[in-house]
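The values are calculated or read from the model by the stated rules, or taken from the named source; none is laboratory data. Given the structure is predicted, the values throughout are model-derived calculations rather than measurements. We place every Cβ from the backbone using ideal geometry, glycine too, and count neighbours over all the protein chains shown.
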Amino acid sequence: MSNLPDLPEVIAIFPLPGALMLPRARLPLHLFEPRYLAMLDDCLKTESRLIGMVQPQPTPDGDKSALHRIGCAGRVTQFSETEDGRYMITLTGISRFRVVKEVEGFTPYRRCAVDWTGFEADRGEPECDPAFGRDGFLRLLDRYFSARSLSADWDTLKEADDELLINSLSMLLDFEPEDKQALLEAPSLSTRRETLITLIEYAMRGGGSGEGTLQ
């Protein structure tokens with residue numbers, strides 16, 4: 001990641017409930033609202049091409065505009081336009097950040113001043129998880145997938161490195177937004193793996209439900 005330009009102090013924000021972006025992982029997005037099409041157009045004109053993914057944090061008084069304090073920025077690495085003017089894009093995770101404050105302006109989309117301090121490891125080499133018991137984890141995953149009628153490419157899962165496997169599952173599995181936030185805020189790959197296992201085990205005990213396909 002060392003060939004990236006300096007990280008900007010203000011970035012565009014895409015507040016999307018349940019969407020999790022993690023460093024070095026890829027997140028596909030479908031943009032169709034005019035404000036987010038404008039966001040993409042402006043983003044592509046910048047050197048960094050960063051969009052910050054942040055989950056909304058509804059408050060007890062019903063304020064749906066509040067944001068979680070920690071998000072993750074992704075660089076636009078792929079995009080294509082459909083015939084009717086929508087965009088399919090891919091963000092590649094660069095670094096987590098803390099929201100400092102929202103920046104007022106004339107853009108139809110939201111922007112925030114952000115602080116990248118404390119997340120330097122996000123911009124380094126992929127993490128390893130020395131304590132990762134892969135065989136036991138895959139057996140747990142097999143039971144979870146069977147219970148949820150999910151399908152998976154097991155050969156790919158078995159061969160994936162630790163970070164790719166743990167982060168991809170964290171992003172793809174159907175957990176509640178607050179659970180996704182806990183996975184995002186995990187300080188290391190090991191703690192993210194521990195959180196992921198806890199969420200899977202909780203779901204298998206009846207604490208969550210959902211069906212889908214893991215590609």
In region 69-80, anything surrounded by fewer than 20 Cβ atoms within 10 Å (Cβ to Cβ) and closer than 13 Å to Glu102 by Cβ is listed as Arg69
Answer yes or no as to whether Ala147 is outside any helix (DSSP H, G or I) and among the small types (Gly, Ala, Ser).
no
Residues being within 10 Å of the chain's Cα centre (by Cα), part of a loop (DSSP other than H, G, I, E, B) and at negative phi - total across region 17-55
7
If Ile200 meets every condition in (1) of a type in the set (A, V, I, L, M); (2) closer than 29 Å to Met39 by Cβ; (3) touching a helix residue (DSSP H, G or I) at 6+ places or on another chain (Cβ under 6 Å) apart from one, which number is that one?
(2)
Residue tally, condition part of a loop (DSSP other than H, G, I, E, B) and touching a helix residue (DSSP H, G or I) at 6+ places or on another chain (Cβ under 9 Å), over region 127-144:
6
Can you pull out the residues in region 33-55 that are surrounded by fewer than 16 Cβ atoms within 10 Å (Cβ to Cβ) and touching a Ser or Thr at 6+ places or on another chain (Cβ under 9 Å)?
Arg35, Ala38, Asp42
Just the residues that are touching a residue at least 40 places away in the same chain (Cβ under 8 Å) and not basic (Lys, Arg), please, taken from region 103-118.
Val103, Thr107, Pro108, Tyr109, Cys112, Ala113, Val114, Trp116
Flag if Thr191 is surrounded by 13 or more Cβ atoms within 10 Å (Cβ to Cβ) and outside any loop (DSSP other than H, G, I, E, B):
yes
With closer than 12 Å to Met53 by Cα, in the same structural domain as Asp42 (by TED's automatic domain parsing) and not acidic (Asp, Glu) as the only criterion, which of Gly71, Gly85, Gly105 stands out?
Gly71
Just a yes or no: is a residue in region 116-124 in contact with a strand residue (DSSP E or B) (Cβ under 8 Å, 6 or more places away or on another chain), among the acidic types (Asp, Glu) and either farther than 30 Å from Ala12 by Cα or buried (at least 17 other Cβ atoms within 10 Å of the Cβ) (or both)?
yes
